Number of protein chains: 2
Amino acid sequence: MAELIGNMLVAQSGGPTAVINASIAGAVQEAGRHPEAVEEIYGGLNGILGILNEDLIDLQEEKRLAVEGLKYTPAAGLGTCRYKIDFKKKPEQAAKDMDRLFEVFQAHNIRYFFYAGGNDSQDTSLKIHEEAVKRGWEMRVIGIPKTIDNDLPHTDHCPGYGSAIKYAATTVMEVGIDVGSMATDDGSCCIIEVMGRSAGWIAAGTVLAKRGDPAAPPHIILLPEMQYHLQELMDKVRETIAAYKYCVMVVGEGIRDREGREIGADETKRDAFGHPVLAGAAWKLKEFIEAALRTKTRTVLLGYSQRAAAHCASATDAAEAAACGESAVKAAVAGQSGFMVKIVREQSQPYKWSTALHDLREVANVEHFVPREWISEDGFLPNEQFVEYARPLIEGEVKAPIEGGLPKYVVLEKARLEKKLPPRA
Amino acid sequence: MAELIGNMLVAQSGGPTAVINASIAGAVQEAGRHPEAVEEIYGGLNGILGILNEDLIDLQEEKRLAVEGLKYTPAAGLGTCRYKIDFKKKPEQAAKDMDRLFEVFQAHNIRYFFYAGGNDSQDTSLKIHEEAVKRGWEMRVIGIPKTIDNDLPHTDHCPGYGSAIKYAATTVMEVGIDVGSMATDDGSCCIIEVMGRSAGWIAAGTVLAKRGDPAAPPHIILLPEMQYHLQELMDKVRETIAAYKYCVMVVGEGIRDREGREIGADETKRDAFGHPVLAGAAWKLKEFIEAALRTKTRTVLLGYSQRAAAHCASATDAAEAAACGESAVKAAVAGQSGFMVKIVREQSQPYKWSTALHDLREVANVEHFVPREWISEDGFLPNEQFVEYARPLIEGEVKAPIEGGLPKYVVLEKARLEKKLPPRA
C-alpha cells in the first residue's frame, strides 16, 4: 500500500438518525489515532451541498467531550442535505458539481473522504471515488452506512435502524396497552404510521413489542413489500376486534393495495429526489375502517420523531454506528477506497457482529427488502425468523445526560475553515 | 368523625396517562395501612362501565410487586371507559345507572369509593357522592385528579401532565434539532400536533425544549386559548425561516382562527361526549404554509403516544400521582367525602408541593386554561412565567425495568369477584 498523507473530510447526508453522529465520533476518534496519515480532520457542513459551498469546519477544534457526546446526540451534528449529484437527470449540473468538489478537495488537500448516508449517499461516494481515480487525485473514499429505513444491501442491517425500531416498538407497546385499557365492547382501532417508503423494516420491527404474545399489540403490521386486499384486511381487523375488543395496526407509509397502488400516496407531489410524497396511509385506512366497520379509529404519525428519538436509542446500534465510522477510517488509512463499511452478523444468540467492507458498485442504488419468508403466510405479521433477526438490534440503552428533566445534547462549535476558493458559480 | 368499616372500590376513567396507575398504586398501598377501616380492596374494571356490569376484581390478590410496578406502568391498569352518567341529556338512563351503581355498592359493601379521572370523571364522583348522601348509603367518595390536558381547576396541575410535557418537550427538542440539521437555504417547516382540545397546556409545555434560547426550536407554539390571524402566522413563519432557515411549530389540536373557528375541526363527526373530532390542525396549517410560502412542511402527530409514553415519564409527576392516591384514601378514612385531591404548589424554586382537598362542586365541569399573562404579547410563545410554572413538573426520570431492550410493564392478574347481582338490564 502506498502511503498517503493529507487531510480528512467527513460529512453526513440524507435524513438523520439517532446514531449517525456516533459514526462521525467514531471516524474522528479513529483518525486521531493515525497522525502518520491524517493531518487535519475537517467536517463538511450539510453534506455535499456544504462542500460545494466550501463550508468546512475544523473538527480538531471541537472539545473531546463534544466529540464523545456525539455518540448520544441525534440529528446530523454536521448538518445534512438531500442534494444529489445526478448524472442521469442533470448531467451538466452534475459535471459542474464534480469539478467544484475536486477544486475543494484539492484546495484543502483532502486525501480521505468519508460520507455517512443511505442509498443515494453511497451512490455519491461511489461517483466521487470513480472521479478521483479518473482525475488522478489520490484520495480514499469510504461510505459509512446510515439509514433508519434499513434498506442498504449487503450489510446485515444499517446503523440507525436498531434505534428507530427500539423507539417505534416502545411507542407501539405503550400506545397498544393504552388502547387496550380503553377497550370496551364498542371496539376500537389505532393505526400507527411509521417511515418506510418501499421497505417495511421499521414497521416490521414493531413486532418486537408483542414479545411473542399473539394477543398483544400490534395485531397487524402492513409492509410496503406486500400488496393488500383491503377486504381481507377489513376482515382481519374485524376478527381482531372480535377477539380482543381492539386492534392496533402498524403501517409503513408506502403500503400498497392489491393493484399495487400506494394507499397513502399523493401522486401530485414529489420530493427533491422525485419520489411521491407519502403521508396518508394511516388516514386512508382510518377512513376505510370507520366506513366499513363503524369502529372508532385513531391515528399516530411518528414522523421525524422515529429517526430523532435518541432518548430511546439502542446502545447496540450506537456502538455499531461508532464502529462503522472507525472501520471506515481504518480501511482508508490501510489503503482501501471505493467501499462501504458493512455490519456482518456472526451469530444471533448471543449476538455477535463485526464490520467488513463491500464494493460500493454493488451497493449504490440497490434496495434491500424484508424477505417474503420472514413474513407470515397471510402477510399480516413478520414471523419468528424476523424476530430473531431484529431482537438483538434494540438491546441496551444509550444514556444521554439529563438537565432539567430533558436530554442535554451536544452542539458542535463548528469552527469554520477559511475559504480558499471563489464562491460556487 | 363516625367510624366507617367496609370495602373500598377504586376505578379509572377517561383517557389514560403515563402515571394514572401510580395513583391506583398509592391508593391501594395506603388502604393497606388502614385495616381498621378498609376491609377488602376492590378495583372496578373499565371505570363506571365495568362497575355497572359488576366487573370487579380483588386487588389484594395482586402481587405486592405488581402493585408497586403500577408506578411505572402506563395506560389504565384497571381498564378505563368514556361512559358518562348524563342526567342532562339522558336523564332516564342516568337514573337507571345510578340505581344500578348503588345496587353494586351495596352488594359488595362498598364504603370507600375512589375515581381517578378528568373533568367528566370528577362530575361522576360528585354525583355519586350526592346520591350516597341522598340515599343514606354511608360511603365516602374522593376524586383523584388525572389528565394530561391539565385542565382541572383549583389544583396547581394535574397528575399526568408533567409526564406528557416531558415526553412532548423531549420529542420536540429531538425533532427540532433533526429539522435544524436538515436546514438549508430552501427553508423547511415542521408542525408537531399535540393533544389539547380547548386548553393548550401540553403545547405550551414544549416551550421547555427551548431552554430559554430564542433561536432554539420550537419557534412558534399555538394554543387553543388564543385566536390566530393566519396571515400574521404566515408572516411569523416566514420571519422564522429567514432567521434560522427552518421553523418548528407546535400546535394544540383545538387551535382557532381569528373568527374563533377550529382550524382542524371536522364538524361532521362527534365523539362519545359530543365534542367535535379534531385531528387536522397540523395538516390544515401544512396546506396553508405550502401554499403561502412554498416551503416544504412535514407533520408529526403524537396522538396517544403523548399520554402513554411511560418510558419518558417524570419522576416528579409519578410521585405526585401516587401521593394523590394516598391522600384520597387518607382523607376518606379520616371521614371526608365529596372532595377532589388537589396538588398545592408551595414554591417553585426549589420546587415544593403538598396535597389538599377541594370541594367537588367547584371542580366538576370547570375547565382551567393557560392564563393570557403567561403567553407572549404576540401570542406565539408561552413566556417566562409559564416556564417557571412548568419547569419543575418534568424533573426526574421514572425507571421501568427493561427486558430485551423494551420496557417491562406490569399486567395485573385481575382476580374477578363473584357476581352477586343479576346482569345489568
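The values are calculated or read from the model by the stated rules, or taken from the named source; none is laboratory data. Please read these numbers as outputs of a predicted model, since none were measured by experiment. Backbone-built Cβ (ideal geometry, glycine too); neighbour counts: all protein chains shown.
Tabulated values for the structure
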| item | result |
| --- | --- |
| Elements of type helices (runs of 4 or more DSSP H) in segment B:2-92, at least 1 residues being of a type in the set (S, T, N, Q) and either within 13 Å of chain A (Cβ to nearest Cβ) or crowded, with 20+ Cβ neighbours inside 10 Å (or both) | B:20-31 |
| Residue ID - modelled with the lowest pLDDT, chosen from residues in segment A:232-264 that are small (Gly, Ala, Ser) and over 17 Å from A:Val172 (Cα atoms) | A:Gly264 |
| Qualifying residue in segment A:357-366 (condition: among the acidic types (Asp, Glu), assigned by TED's automatic domain parsing to the domain that holds A:Leu49 and either touching a residue at least 24 places away in the same chain (Cβ under 8 Å) or touching a Lys or Arg at 6+ places or on another chain (Cβ under 8 Å) (or both)) | yes |
| Some residue of segment A:88-95 being on the phi < 0 side of the Ramachandran plot, in contact (Cβ under 8 Å) with a residue 40 or more places away in the chain and not charged (D, E, K, R) | no |
| A:Val141 away from chain B (no Cβ under 14 Å), within 28 Å of A:His34 (Cα to Cα), touching a helix residue (DSSP H, G or I) at 6+ places or on another chain (Cβ under 7 Å) and assigned to a helix (DSSP H, G or I) | no |
| Qualifying residues in segment B:144-183 (those that are in contact with a helix residue (DSSP H, G or I) (Cβ under 6 Å, 6 or more places away or on another chain) and over 30 Å from B:Val28 (Cα atoms)) - the one farthest from the other protein chains (Cβ to nearest Cβ) | B:Val172 |
| Some residue of segment A:223-242 being under 19 Å from the mean Cα position of the chain (by Cα), acidic (Asp, Glu) and not in a loop (DSSP other than H, G, I, E, B) | no |
| Filter result for the condition that a residue is surrounded by 15 or more Cβ atoms within 10 Å (Cβ to Cβ) and assigned by TED's automatic domain parsing to the domain that holds B:Glu326, over B:Arg345, B:Arg391 | B:Arg345 |
| Of the criteria (1) free of Cβ contacts under 8 Å to residues at least 12 places away in the same chain; (2) within 20 Å of the chain's Cα centre (by Cα), which one A:Gly14 fails | (1) |
| Residue satisfying all of: in segment A:286-312; touching a Phe, Trp or Tyr at 6+ places or on another chain (Cβ under 7 Å) and aliphatic (A, V, I, L, M); nearest to the other protein chains (Cβ to nearest Cβ) among these | A:Val300 |
| Inter-residue pairs, beta-carbon under 8 Å, first among the acidic types (Asp, Glu) and in segment A:310-325, second assigned to a helix (DSSP H, G or I), 6+ apart | A:Asp317/A:Tyr161; A:Asp317/A:Gly162; A:Asp317/A:Ser163; A:Asp317/A:Lys166; A:Asp317/A:Leu393; A:Asp317/A:Ile394; A:Glu320/A:Gly162 |
| Flag if A:Leu152 is hydrophobic (A, V, I, L, M, F, W, C), under 19 Å from the mean Cα position of the chain (by Cα), at pLDDT 95 or above and crowded, with 24+ Cβ neighbours inside 10 Å | yes |
